[in-house]
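The values are calculated or read from the model by the stated rules, or taken from the named source; none is laboratory data. This is a predicted model, so every value here is computed, not measured. Cβ: placed from backbone, ideal geometry, glycine included. Neighbour counts: every protein chain shown. Please note that ligands, DNA and RNA were not included when accessible areas were found on the heavy atoms of the full protein model with its side chains. Shrake-Rupley method; radii C 1.70, N 1.55, O 1.52, S 1.80 Å.
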Number of protein chains: 2
Amino acid sequence: MRIDVGGAAPYAVSVRSGALQDVAVSERRRALLFDEGVPRPFVDEVRSRLQPEVEVALPRGEACKTLTVFAEVLSTLARAALPRDAAVIGLGGGAATDLAGFVASAYLRGVAFYTLPTTLLGQVDAAVGGKTGVNLPEGKNLVGAFWPPKGVWCDTATLAALPSATFREGAAEVFKHGLIADPVLCDDVVSGGFGPHAAHLEEIVGRAVKVKADVVTRDLTERGERAHLNFGHTLAHALEAVTGHALPHGEAVGYGLHFAALLSRRLGGEDVSKLTERFLAYQRPRSLPDFAWQDVAPFVARDKKADSRGVRFVLLEKLARPYVAHVDEADVRVAFDEWHAFVRGMVK
Amino acid sequence: MRIDVGGAAPYAVSVRSGALQDVAVSERRRALLFDEGVPRPFVDEVRSRLQPEVEVALPRGEACKTLTVFAEVLSTLARAALPRDAAVIGLGGGAATDLAGFVASAYLRGVAFYTLPTTLLGQVDAAVGGKTGVNLPEGKNLVGAFWPPKGVWCDTATLAALPSATFREGAAEVFKHGLIADPVLCDDVVSGGFGPHAAHLEEIVGRAVKVKADVVTRDLTERGERAHLNFGHTLAHALEAVTGHALPHGEAVGYGLHFAALLSRRLGGEDVSKLTERFLAYQRPRSLPDFAWQDVAPFVARDKKADSRGVRFVLLEKLARPYVAHVDEADVRVAFDEWHAFVRGMVK
């Protein structure tokens, strides 16, 4: 399945089992940045196709998303005297491709970038839309650039190599794309059997990618509609922060989607909270430590969607009908308490 | 004098003695990043006008252009929870404004940026065009972003506070703009009396800014014509590297312009080398250490304008008629030897 992403510099996303065999890059000089946790056969496949002159094995997962790794990789490219018409190729999960994209955006003020996401989260979320970046000690994704790739290959065969919990992490973004735009995807996820060997996996992944592709095509730099993709993410980011990032992003989003459903209901929207409860039952995220609203509130206030008038939330008027609004803290508190009561009662 | 810069996000450059009194920023929340060497009255003027909630004093001059300072400043902004609709204001020479612009481009993936350059180099070169960035241990300006400011105020009164050698440094870029586009500026610089108290200083600075503004308006991301602004810079960057940056940028450009004039002549262009000799007599750059072509060549090869086919140079067909071409190393060597013989013979 091929999905086109529009905007100033259009590109295509290829989704299929075996997509890594299709990878093609027009630039002659190439740097491959890959998560050292990517199984060797996939790395070798890309290596033999692209013959990169620079290879950098990145620390596994989120550990690579620091300004320290950013600086080290940039120096590696500079020592190789990689020119401006070279390409940077990122291979791995969302963290590796976020770091690789930010490197590509900044090296010589910008070189070509291609991304080969190997996790479900990376394929349906990070790979499309051009958001790149790293974390700061003060919070996640606080630094980066909008730097769209020139091409994306999502090889669904790589998903079977991951722990099933990692797959279920990524399912949160598939499910979220269902909630905000394509409710059929919600059913695909919660109606049983959604895993790396699911029937129609290519189609489901492709369809989830298309939701994001259509949104970012209409709104490249997140001035408007693109914020909808952050449904559930305000609380998710706060939960990640409050747990010192022990809670993986996809599980935080799972929790955050349920909170966003409850907040939407409180503000007059359709009640989709039974659906988000079913998602949590499917995902089985790890349980949360004890914490109170006071612990979370400062991180909510620091959300990137906040502006000088306060924190804005993405809400659902009904399924597939998202909107953005400033919300009074009193309403946030009520929804938080409902959410907190539910998650404390979840069967472990 | 007001100069308009076009492109996707147009902005204005205000050039006058006292321009800092005109500074106005629409964003309510503001971070002021200033070179700690800027005289106190200028910092206080800006401070009292803008009432920034975050202030960062940057290490003097080029010392601030590192990824370490970049990371520290970003963390400072994050700790203040500066939101996405805030503004970063850079005050100082080209180094401070380059660092500030790169911070603005990357913080929350981009916030508004304003620049208040206080050196001649900063006013006629760095302030316009949106190039921002930092150095790597491997070379200058190897990392950054294109991030145009929303407004630029060039207060020519700040130039009198600088050592006269610093003013003459910046004169290299005024003179270069003369060579590539507006030869009257060459005469303004070399015909005597060009200093911080020169008659018509506002007009000369404004006219030099206009050369750059017109070029970047036509070519925002340096795919074509904008490369002309790098006339003289290939050797200049190599000289900076080979001297461990003991040679200031503007003096390196002074030397580099003469080399570019000799190379242009060798390749059939008009001989403007008498003019560049006069410029060196005006500028009186510090003398160069002993070095040979072999010392410089690796840095020339790493030039950002290099591509997979080799190093490209900006050349003059005649005054105000620049072009870009790949040049055989043999020709580069001949011009280098001519240049080297001349600079070794310069009266100290």
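Say whether the condition of being among the aliphatic types (A, V, I, L, M) and touching a strand residue (DSSP E or B) at 6+ places or on another chain (Cβ under 9 Å) is met by at least one residue in segment A:238-250. Don't jump to the end; show me each part of the working.
In the first step, residues of segment A:238-250 are kept if they are among the aliphatic types (A, V, I, L, M); the result is A:238-239, A:241-242, A:246-247.
Then keep just the ones that are touching a strand residue (DSSP E or B) at 6+ places or on another chain (Cβ under 9 Å); that gives A:241.
The answer is yes; a qualifying residue exists.
Would you pick out the residues in segment B:75-102 that are surrounded by 22 or more Cβ atoms within 10 Å (Cβ to Cβ), part of a helix (DSSP H, G or I) and facing chain A (nearest Cβ under 9 Å)?
Within segment B:75-102, B:LEU77, B:PHE102 qualify.
Any residue at all in segment A:211-221 that's of a type in the set (Ser, Thr, Tyr) and surrounded by fewer than 22 Cβ atoms within 10 Å (Cβ to Cβ)?
So in segment A:211-221, the residues of a type in the set (Ser, Thr, Tyr) come out as A:217, A:221.
If we keep only those that are surrounded by fewer than 22 Cβ atoms within 10 Å (Cβ to Cβ) too, we end up with A:217, A:221.
Yes, segment A:211-221 contains a residue that is of a type in the set (Ser, Thr, Tyr) and surrounded by fewer than 22 Cβ atoms within 10 Å (Cβ to Cβ).
Which members of segment B:61-74 meet the condition of being over 18 Å from the mean Cα position of the chain (by Cα) and either open to solvent by 40 Å² or more (accessible area, probe 1.4 Å) or more than 9 Å from every other protein chain (Cβ to nearest Cβ) (or both)? So that I can check it myself, show each step before the final result.
Kept after step one, since they are over 18 Å from the mean Cα position of the chain (by Cα), are these residues of segment B:61-74: B:67-74.
Those that are over 18 Å from the mean Cα position of the chain (by Cα) and either open to solvent by 40 Å² or more (accessible area, probe 1.4 Å) or more than 9 Å from every other protein chain (Cβ to nearest Cβ) (or both): B:THR68, B:VAL69, B:GLU72, B:VAL73.
Would you check which residues across segment B:163-179 are surrounded by fewer than 20 Cβ atoms within 10 Å (Cβ to Cβ) and either of a type in the set (Lys, Arg) or over 19 Å from B:TYR255 (Cα atoms) (or both) and list them?
Across segment B:163-179, the qualifying residue is only B:PRO163.
Which residues, counting only those in segment B:103-122, are within 11 Å of chain A (Cβ to nearest Cβ), assigned to a loop (DSSP other than H, G, I, E, B) and in contact (Cβ under 8 Å) with a residue 24 or more places away in the chain?
So in segment B:103-122, the residues within 11 Å of chain A (Cβ to nearest Cβ) come out as B:103, B:105-111.
After this cut, where a residue has to be assigned to a loop (DSSP other than H, G, I, E, B) as well, the list is B:108-111.
If the condition is that a residue be within 11 Å of chain A (Cβ to nearest Cβ), assigned to a loop (DSSP other than H, G, I, E, B) and in contact (Cβ under 8 Å) with a residue 24 or more places away in the chain, then B:LEU108, B:GLY110, B:VAL111 are the ones that fit.
Tell me which of these A:ALA126 doesn't satisfy, since it passes every other one: (1) of a type in the set (A, V, I, L, M, F, W, C); (2) assigned by TED's automatic domain parsing to the domain that holds A:ARG30; (3) in contact (Cβ under 8 Å) with a residue 40 or more places away in the chain.
In the conditions (1) of a type in the set (A, V, I, L, M, F, W, C); (2) assigned by TED's automatic domain parsing to the domain that holds A:ARG30; (3) in contact (Cβ under 8 Å) with a residue 40 or more places away in the chain, A:ALA126 misses (3) alone.
Inside segment A:27-48, can you point out the residues that are over 19 Å from A:ALA127 (Cα atoms) and among the small types (Gly, Ala, Ser)?
Answer for segment A:27-48, where residues must be over 19 Å from A:ALA127 (Cα atoms) and among the small types (Gly, Ala, Ser): just A:SER48.
Can you tell me how many residues within segment A:123-149 are facing chain B (nearest Cβ under 7 Å) and in a loop (DSSP other than H, G, I, E, B)?
Residues flagged as facing chain B (nearest Cβ under 7 Å) and in a loop (DSSP other than H, G, I, E, B) within segment A:123-149 amount to 2.
Mind listing whichever residues of segment B:180-205 are open to solvent by less than 10 Å² (accessible area, probe 1.4 Å) and closer than 11 Å to B:PHE279 by Cα?
Within segment B:180-205, B:CYS186, B:VAL189 qualify.
From B:LYS304, B:LYS318, which residue is assigned by TED's automatic domain parsing to the domain that holds B:LYS176 and modelled with pLDDT under 95?
Details: B:LYS318 fails: modelled with pLDDT under 95.
Result of the check over B:LYS304, B:LYS318: B:LYS304.
Yes/no matrix, rows are residues, columns are (1) farther than 23 Å from B:ASP188 by Cβ; (2) over 21 Å from the mean Cα position of the chain (by Cα):
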site	(1), (2)
B:PHE291	yes, yes
B:VAL300	yes, no
B:GLY310	yes, yes
B:ALA320	no, no
B:TYR323	yes, no
B:PHE336	yes, yes
B:PHE342	yes, yes
B:GLY345	yes, yes
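Condition check: touching a residue at least 40 places away in the same chain (Cβ under 8 Å), within 14 Å of chain A (Cβ to nearest Cβ) and closer than 23 Å to B:LYS274 by Cα. Does B:VAL311 satisfy that? Break it down stepwise before answering.
Numbers: touching a residue at least 40 places away in the same chain (Cβ under 8 Å): yes; within 14 Å of chain A (Cβ to nearest Cβ): yes; closer than 23 Å to B:LYS274 by Cα: no.
When the stated conditions are applied, B:VAL311 does not pass them.
If you check B:LEU116, B:LEU58, B:LEU121, which single one turns out to be open to solvent by less than 10 Å² (accessible area, probe 1.4 Å) and more than 29 Å from A:LYS65 (Cα to Cα)?
Numbers: B:LEU58 fails: more than 29 Å from A:LYS65 (Cα to Cα); B:LEU121 fails: open to solvent by less than 10 Å² (accessible area, probe 1.4 Å).
Only one candidate passes the filter, namely B:LEU116.
How many of the residues in segment B:31-51 are over 20 Å from the mean Cα position of the chain (by Cα), within 29 Å of A:PHE102 (Cα to Cα) and either away from every other protein chain (no Cβ under 14 Å) or free of Cβ contacts under 8 Å to residues at least 12 places away in the same chain (or both)?
Going residue by residue through segment B:31-51, those that are over 20 Å from the mean Cα position of the chain (by Cα) are B:31-32, B:39-51.
Checking which are within 29 Å of A:PHE102 (Cα to Cα) leaves us with B:31-32.
Subsequent filtering for residues that are either away from every other protein chain (no Cβ under 14 Å) or free of Cβ contacts under 8 Å to residues at least 12 places away in the same chain (or both) retains B:32.
Residues meeting the conditions: 1.
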